[in-house]
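The values are calculated or read from the model by the stated rules, or taken from the named source; none is laboratory data. This one's a predicted model, so the numbers in the text were calculated from it and none came from an experiment. Glycine gets a Cβ as well: all are built from the backbone with ideal geometry, and neighbour counts include every protein chain shown.
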Amino acid sequence: MLATLAAFAGQAAVIYKWTDSGGLVHYSDQPVPGAEKIFTASSPAGASSASHAIAQPQGPGVQKPAEPGLGYSILAVTAPSPDQTFFGDEVIGVALAIEPGLKPNHFITWHLNGKQLDDHGPTTTQFALQSLDRGAYAIAATVTDQQTGESQSTGSVNFFVRQPSALAPLHQKP
């Protein structure tokens, strides 16, 4: 990653920015239909290239680069695992990795299938989902600065819930 950032330090880079149907802003180095093309400036001598480059956090659930502005080097949903399957009434643990830790005047909002979850506090980085119906789900988090309105979002992590069938006893929970 450092080699990639160093390569961009002396030259301009192209970043693509778009807003999804849920209103979340995304950034990527890959073109996306309808995305706005943004050219980053090369850094002046002696200036930090970090303000001109977008860092790529590591770990499960990371699907997009960290956005400049809020200064989080890592912001990713670490639980559940991507494409994890849960059975019956299993409790689904949800966790957010955030480095450095949540800053003052910043708050977290969680979204399940694009709908905001309102039953968690604004600083909650871990919680449990219980009694979800059978189906496919996507969980994501957004950190927002209350003063500036700037935000940084994780990529969505998809997971699945299966329910045993009373009609098919062989397909019960393993």
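At-a-glance table
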quantity: Filter result for residue 155 (modelled with pLDDT under 90 and closer than 28 Å to residue 70 by Cα); calculated: no
quantity: Selected residue [over 24 Å from residue 83 (Cα atoms) and in contact with a Gly (Cβ under 9 Å, 6 or more places away or on another chain)] from 148, 154; calculated: 148
quantity: Number of the exception - residue 120 against (1) free of Cβ contacts under 8 Å to residues at least 24 places away in the same chain; (2) over 16 Å from residue 93 (Cα atoms); calculated: (2)
quantity: Check on residue 133, outside the structural domain of residue 35 (by TED's automatic domain parsing), among the acidic types (Asp, Glu) and either in contact (Cβ under 8 Å) with a residue 24 or more places away in the chain or part of a strand (DSSP E or B) (or both); calculated: yes
quantity: The lone exception for residue 94 - which of (1) among the β-branched types (Val, Ile, Thr); (2) in contact with a Pro (Cβ under 8 Å, 6 or more places away or on another chain); (3) outside any strand (DSSP E or B) it fails; calculated: (3)
quantity: The range 80-99 residues that are of a type in the set (D, E, K, R), paired with ones that are surrounded by 12 or more Cβ atoms within 10 Å (Cβ to Cβ) and assigned to a strand (DSSP E or B) (beta carbon under 7 Å, 6 or more apart); calculated: 83/158; 83/159; 99/74
quantity: Residues within the range 90-120 that are out of contact with any strand residue (DSSP E or B) (no Cβ under 7 Å at 6 or more places or on another chain) and surrounded by fewer than 12 Cβ atoms within 10 Å (Cβ to Cβ), tallied; calculated: 6
quantity: Test: residue 21 is in the same structural domain as residue 144 (by TED's automatic domain parsing) and either at pLDDT 75 or above or aliphatic (A, V, I, L, M) (or both); calculated: no
